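The values are calculated or read from the model by the stated rules, or taken from the named source; none is laboratory data. The shown structure was predicted, so the numbers you read here are calculated from the model rather than taken from an experiment. No Cβ is skipped: glycine too gets one built from the backbone with ideal geometry, and neighbour counts run over all protein chains shown.
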Amino acid sequence: MTSKNLSLNGIFKQFGNVRALDNFNLEVGVGELVALLGPSGCGKTTALRVVAGLEHQDSGKVLVGNQDISNIPAHKRNMGMVFQAYSLFPNLTVEENVAFGLQMRKISKPLRLKKAHQLLDLVGLDSQSKRFTHQLSGGQQQRVALARALAFEPEILLLDEPLSALDAQVRVNLREEIRRLQLSLGTTTLFVTHDQEEAMAISDRVGVMNQGVLEQIDTPDILYNKPASSFVAGFVGTMNKIPAFINDGFVEIFGEKVVALKQGNETGKVLALIRPEAIKVSTTGSKFNAKVLTRSFMGASSNVICQTSDGTIVQSLMTSAATGDLHPGSEVQLQILSKEVLVTNV
Amino acid sequence: MAKAMKLRQQFPLVITLLLLTLFVFIPMISAFEYSIRTPLEGGYGWTHYLWAIREEEFFHYIFRSGWLAGVTVLITLIILVPTMTWLHVSKSPVRPVIDGISLLPLVIPVVAFAVGAQISFPEFVQNTVFELPFLYFVLSLPYAYRSLDIGLNSIPLKTITEAARSSGANWIKTISTVIIPVIRSSVMATIALTFALSIGEYTLTVLLHWDTFPTWVTYVAQDNILGAIAISMMSLIIPFLILTTITLFIPERSIQGRK
């Protein structure tokens, strides 16, 4: 079966008094990997479960390949799903787990075992096929879960925080592997995570959710560089929020006038949103306007935290070579490198 | 040194187990010894056992009690497994209430049950022996419920259920191919408890005027106490042999050790 596109149209879902999804709309193209990112309780998991048929929306439609599947039960939806953890069947061996979906589709035993071995080979676990799942590590278990979700060639692959229970190193390896498999099989994928690095690393597009609403959905680059709202700006990557004064479309930051990216023509106090890499800290300037609080060495780059004379804490990310002479207490000059900045109301 | 420490720590446990064993086995061994006495000839012999298996009624009643218990087990599993799975998966607020209700058969006198059944069951049910399995089901409910509850609590039921459903299994398939095999030991315990309670149930059966194996043994005991004991011994040994055979022939699949 080939992959299909997925669309969610005007989904509402309420749990008691909490509105988990509020007129939620999403389009995922054929073979695309879209991540839903957001703080806990933002509705991202609910959206995924509505797609899987494990929750039923109060209103709105779920379409797969332009066919309305809103009233089709979960087991008939043909969607592979990978859960956070502990989703493997402990009574079955690794190969039986992977073949389970095919068994439910009444595929003959030799055929389904052949397919299971193909998938296990793809995730590098064919040698473990006769073992029971509790004999595997957490990372291996999630690989088996991935193989199981893909074995019956689902129209859509759903990933519900599949990496969150794993160690950092395993997490990075496995996410690359998920992306590699997803690209080679061309499976339309919806990936739910609260880890922005994970979402940005492997997705074609990332949707940032807040309180049941999709705030912005874009490629990781656009999301990072042109966040549509201050929530997105604050949630994706690190963002300095520096008090400034806006006048005639310009803000003054560290004594420099910069173009303010904001609708309207207002005047008054605002917060300028500036990425740490857009701030330069130097000891050679003419007018010192801040003091270094800490410098954290992270290999190629270093994180420098400064406090301006008016008390604002500012974070800067620079190459380690350029921060060698910065020590706690050093008098420094802060400079803004970008010519335009996002601003938001205080 | 460490070994001595370990022994000392285990000493109370050993004593308790020993006492328990004596408590259970001394009466059984005594009963067995008594049942192979031959008072007329003196000494020991299998007279009463041979007498019992020559009695047509012995097999008639043991078979009847056997299938009644079997039907009770089926009713228990068919009603309880899906219901309890649903209670656990849905995190329903009624679950504590049902937990409480499942204990009621322990506190309601059997007489009340019998009278209740006579009043509430329709005539055509009262007229067949099939009314017994339903009542046996109620009597064994506290034990069956608890045993399944432990099994369902010990596994990540919600995730496993959802994984099965998203893999294409409907509810029946999910329960039969995933949940029951995963909580196999707890299902086996439920089967054993329900079977044992049903096959030995006496009070309710007598009150409802049915004849089963336990009522027949009591009847026999009125004029042949040695024969009745021989029959009882066999009723212990036969199910034991059957259960052992079943356990030996079902391959054990390791499901423990989940992290």
Query raised in the report: Before we move on, is residue B:152 at pLDDT below 90 and either away from chain A (no Cβ under 14 Å) or more than 15 Å from the chain's Cα centre (by Cα) (or both)?
Result: no
Query raised in the report: For the stretch A:110-137, how many residues meet the condition of being surrounded by fewer than 17 Cβ atoms within 10 Å (Cβ to Cβ), in a helix (DSSP H, G or I) and within 12 Å of chain B (Cβ to nearest Cβ)?
Result: 2
**Report entry** Per-region count, the stretch B:90-109, residues among the β-branched types (Val, Ile, Thr) and out of contact with any helix residue (DSSP H, G or I) (no Cβ under 9 Å at 6 or more places or on another chain)
**Finding:** 2
Query raised in the report: Could you list, in sequence order, the residues of the stretch A:258-293 that are of a type in the set (S, T, N, Q) and outside any strand (DSSP E or B)?
Result: A:263, A:265, A:267, A:283, A:284, A:286, A:289
**Report entry** Single residue of the stretch A:1-29 satisfying the filter (assigned to a loop (DSSP other than H, G, I, E, B) and surrounded by 16 or more Cβ atoms within 10 Å (Cβ to Cβ)) that is modelled with the highest pLDDT
**Finding:** A:5
Report summary line: When every residue in the stretch A:181-194 that is under 17 Å from the mean Cα position of the chain (by Cα) and not in a strand (DSSP E or B) is compared, the one modelled with the highest pLDDT is A:182
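Residue by residue, here is whether (1) closer than 17 Å to residue B:150 by Cα; (2) in contact (Cβ under 8 Å) with a residue 40 or more places away in the chain holds:
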position: B:84; (1), (2): yes, yes
position: B:88; (1), (2): yes, yes
position: B:91; (1), (2): yes, no
position: B:102; (1), (2): yes, yes
position: B:108; (1), (2): no, no
position: B:111; (1), (2): no, yes
position: B:124; (1), (2): no, no
position: B:128; (1), (2): no, no
Query raised in the report: So which residues in the stretch A:160-182 are in contact (Cβ under 8 Å) with a residue 60 or more places away in the chain and either of a type outside the set (A, V, I, L, M) or more than 23 Å from residue A:55 (Cβ to Cβ) (or both), if there are any at all?
Result: A:160, A:161, A:162, A:164, A:179, A:182
Query raised in the report: Among all residue pairs at least 6 apart or on different chains, which show Cβ distances below 7 Å where the first residue, located in the stretch B:168-191, is at the interface with another protein chain (Cβ under 10 Å from one of its Cβ atoms) and surrounded by 17 or more Cβ atoms within 10 Å (Cβ to Cβ) and the second is modelled with pLDDT under 90 and not in a loop (DSSP other than H, G, I, E, B)?
Result: none
Query - Among (1) touching a residue at least 40 places away in the same chain (Cβ under 8 Å); (2) within 13 Å of residue A:99 (Cβ to Cβ) - the single one residue A:120 does not satisfy - result: (1)
Query raised in the report: For the stretch B:193-213, which residues satisfy the criterion of being over 18 Å from residue B:130 (Cβ atoms) and in contact with a helix residue (DSSP H, G or I) (Cβ under 7 Å, 6 or more places away or on another chain)?
Result: B:193, B:200, B:202, B:203
